[in-house]
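The values are calculated or read from the model by the stated rules, or taken from the named source; none is laboratory data. The structure presented is a predicted model; accordingly, all values stated were derived computationally and were not measured. Glycine gets a Cβ as well: all are built from the backbone with ideal geometry, and neighbour counts include every protein chain shown. The protein model used for the area step is the full one, side chains on, heavy atoms only, and it has no ligands, DNA or RNA in it. Shrake-Rupley method; radii C 1.70, N 1.55, O 1.52, S 1.80 Å.
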Amino acid sequence: MPALPKLLADLVEPRFARACRIAHIERLAQRLHRVRFEGPELRDLSFRPGQEVEIRVDATSFRHYTPARYERGGAIEVLFYLHGFAPGTTWVRGLEVGAAARLLGPGGRFALADARTHVLLGDETCLGLFAALAAAAPITQHVRGAIEVDPACEDWPRRAGVALDAVTRYVRGASLGSWLERASLDPASDTAIYLAGHAATIRRLRDQLRTAGWRGGAIRTRPYWADGKRGL
């Protein structure tokens with residue numbers, strides 16, 4: 001639901017969204033904010049790490065975000081990457097502690113697979129998703145992977161509490177492809193690979209994996225954005 005006419009949005013949001021408030025805003029970096037939503041309507045949700053919430057960010061636009069953390073006592077934390085001049089970026093920049101908010105969901109079927117090793121590959125838009133998946137993995141399972149970031153942003157995964165490698169972006173997707181080559185992953189191993197973020201990069205990495213012998217069932221994909229498009 002990337003956009004609706006304002007009249008319809010005015011009807012849908014209050015009827016289906018969960019009322020809450022902005023409890024805390026942490027600016028981890030200029031373009032990376034952690035926001036905590038709290039409220040009784042967020043208690044005891046049927047939430048699975050990897051699911052999304054949906055937020056109305058202006059009169060007609062809705063955007064999907066993956067919570068990095070959910071607490072059954074009634075709290076959701078989201079890591080927002082402020083990308084360009086999009087409606088979601090404007091909405092996040094205008095947030096204030098104590099302000100009212102509404103969240104639709106959670107929903108979606110993207111989740112942790114049943115595997116011994118999990119490999120997470122994506123860009124800055126995936127930090128929340130990967131934080132949630134990594135935290136959900138049992139201690140008997142191994143989590144590794146990489147986040148592709150702009151130069152001078154290599155500490156973003158650490159700031160976000162995501163224990164993955166940071167690889168510097170010069171050509172989009174190229175550094176993640178190089179990481180895959182160096183990782184020398186075994187297609188015969190009990191491994192699940194998660195590709196998220198930029199749609200074209202996901203296609204590139206998936207093709208690279210299939211060429212290396214990986215079966216499609218071992219690869220899970222979640223595109224968040226594509227060049228020239230809004231609201232994936």
Calculate for the chain the 222 nm mean residue ellipticity that helices alone would give, adding -39,500 (n - 2.57) per DSSP H run of length 4 or more and normalising by residue count, nearest 500 deg cm²/dmol.
-6500 deg cm²/dmol
Per residue, how large is the accessible surface of the chain? Use a 1.4 angstrom probe and give square angstrom.
49
Net dipole in debye of the chain [+1 Lys, Arg Cβ; -1 Asp, Glu Cβ; about Cα centre; nearest 20]
320
Segment residue 11-residue 208, length gained on full extension (0.36 nm per residue, minus Cα span)
66.4 nm
Take every Cα pair under 8 Å in the chain that's 6+ residues apart, average their separations, divide by the length, and report that relative contact order as a whole percent.
18
Rounded to the nearest 0.05, what FRET efficiency do residue 171 and residue 3 have when you use their Cβ-Cβ distance and R0 = 30 Å?
0.45
Protection proxy (average C-beta count within 10 Å per residue), highest first, orders 158-166, 196-204 as 196-204, 158-166
Computing the accessible area with a 1.4 Å probe over protein heavy atoms, can you report the carbon and sulfur percentage for segment 18-77?
42
Between the modelled labels at residue 29 and residue 135 (7 Å from Cα along Cα→Cβ) the distance in nm is 2.0
Mind putting a number on the dipole of segment 114-220 about its Cα centre? Charges go on the C-beta only, +1 for Lys and Arg and -1 for Asp and Glu, and I need it in Debye to the nearest 20.
260
How large is the convex hull of the Cα atoms of segment 1-132 per residue, expressed in Å³ as a whole number?
114
Taking the alpha-carbon centre of each part, the distance from segment 175-232 to segment 22-46 in Å is 29
Amide H within-cut-off set for residue 57, under 5 Å, with H built and near neighbours excluded
62, 63
Could you give the nm distance between label points at residue 99 and residue 116, where each point is 7 Å from its Cα heading toward the beta carbon?
4.9
State, as an integer percentage, the relative contact order of segment 185-232 based on alpha-carbon contacts under 8 Å between residues 6 or more apart.
46
When the charge dipole of the chain is computed with +1 at the Cβ of Lys and Arg and -1 at the Cβ of Asp and Glu, the Cα pointing farthest to the positive end, of 176, 218, 11, is that of 11
Sorted peptide list for 99-110, 179-190, criterion being average Cβ within 10 angstrom, highest first:
99-110, 179-190
Length-normalised contact order for segment 143-232 - Cα pairs under 8 Å, 6+ apart - percent
23
